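In what follows, a structure is listed as structure tokens, so that the remarks can point back to it.
The values are calculated or read from the model by the stated rules, or taken from the named source; none is laboratory data. Just so we're clear, the structure is a prediction, and the values are computed from it rather than from any experiment. FYI the Cβ positions are ideal-geometry reconstructions off the backbone, even for glycines, and counts take in every protein chain you see. Note: areas computed on protein heavy atoms with side chains; ligands, DNA, RNA excluded. Shrake-Rupley method; radii C 1.70, N 1.55, O 1.52, S 1.80 Å.
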Amino acid sequence: MQLEIKQTGPLEVNTYILKDEESKEAVIIDVGGSFEEIKSNLDKEGYNIKFILNTHGHFDHVLGEIEIQEKYPNIPIYMNKNDISHFSRLKEEMSYFGIPFKGKDPLTLETFIDENSELYIGKHKIQIFHTPGHSKGSLCYYVDGKLFSGDALFFRSIGRTDFYDGDYDTLITSIKTKLLPLPDETTVYPGHGPKTTIKYEKTYNTYLQ
């Protein structure tokens, strides 16, 4: 499986593009923006976008998906139902960062996923971890030895918990019980910043000691 990383949106979210060469399926995680460019490149390479995954509902991770719903309504967009409240707060959250909302209506979703959902890209199962703390509905995705941790776990850091519905103790518990038990060699791809590994974070992340 191939992985491409593109920084998108006003806060330069890491948008992850998973491509399965055998099935020619693509899955995109957290579209902060630049969707037309991403889709155009995938079209040229002969990939079909199977679905969009959200790690959580904060505006910087979903802003580009408003365009998807407007222009490509047949592309499924998935997230956890516990984060749906962030859509009604999207303009407020953007204003907090001094970013004007220039789109039309915010996202509306009817299909949600949780740890029991069965998702695949080609023959590769995407394991889902519910990791509340940064937000109530935060999800992490594990596939092919790669963990896409959203804003839960970063290189030598963790996600902020001072936003609406964040909680520090809950986040620490989520990371220690759901993520750190993964194999040490697991590569962690966070929502912002550089990649890391589970072993490195166990050793050097002072929040987790």
*Flag for Gly150 being farther than 23 Å from Asn205 by Cβ, touching a residue at least 60 places away in the same chain (Cβ under 8 Å) and touching a Ser or Thr at 6+ places or on another chain (Cβ under 6 Å)*: no
*Elements of type helices (runs of 4 or more DSSP H) contained in the range 1-72, each with 1 or more residues being within 14 Å of the chain's Cα centre (by Cα) and surrounded by fewer than 18 Cβ atoms within 10 Å (Cβ to Cβ)*: none
*Checking Tyr141 against (1) in contact with a Phe, Trp or Tyr (Cβ under 6 Å, 6 or more places away or on another chain); (2) open to solvent by 30 Å² or more (accessible area, probe 1.4 Å); (3) aromatic (Phe, Trp, Tyr), the condition it does not meet*: (2)
*Scan the strands (runs of 3 or more DSSP E) fully inside the range 79-183 and keep the ones with 1 or more residues being basic (Lys, Arg).*
124-130, 146-150
*asked:* Quick test of your reading of the structure: Glu93 fulfils all but one of (1) more than 28 Å from Tyr204 (Cα to Cα); (2) of a type in the set (Asp, Glu); (3) open to solvent by 40 Å² or more (accessible area, probe 1.4 Å). Name the failing condition by number.
replied: (3)
_List the residue pairs whose Cβ atoms are under 9 Å apart, where the first residue sits in the range 180-194 and is under 12 Å from Leu147 (Cβ atoms), the second is open to solvent by 60 Å² or more (accessible area, probe 1.4 Å) and assigned to a strand (DSSP E or B), and the two are 6 or more positions apart or on different chains._
Tyr189/Ile5
*All but one of (1) surrounded by fewer than 16 Cβ atoms within 10 Å (Cβ to Cβ); (2) over 30 Å from Ile66 (Cα atoms); (3) modelled with pLDDT of 95 or more hold for Gln209, so report the exception by its number.*
(3)
*Does Thr161 satisfy the condition of being more than 28 Å from His124 (Cβ to Cβ) and surrounded by 16 or more Cβ atoms within 10 Å (Cβ to Cβ)?*
yes
*asked:* Please verify whether His86 is touching a residue at least 40 places away in the same chain (Cβ under 8 Å) and touching a strand residue (DSSP E or B) at 6+ places or on another chain (Cβ under 8 Å), treating the condition exactly as stated.
replied: no
*Spot the failing condition for Lys102; the list is (1) out of contact with any Gly (no Cβ under 7 Å at 6 or more places or on another chain); (2) surrounded by 14 or more Cβ atoms within 10 Å (Cβ to Cβ), and only one is missed.*
(2)
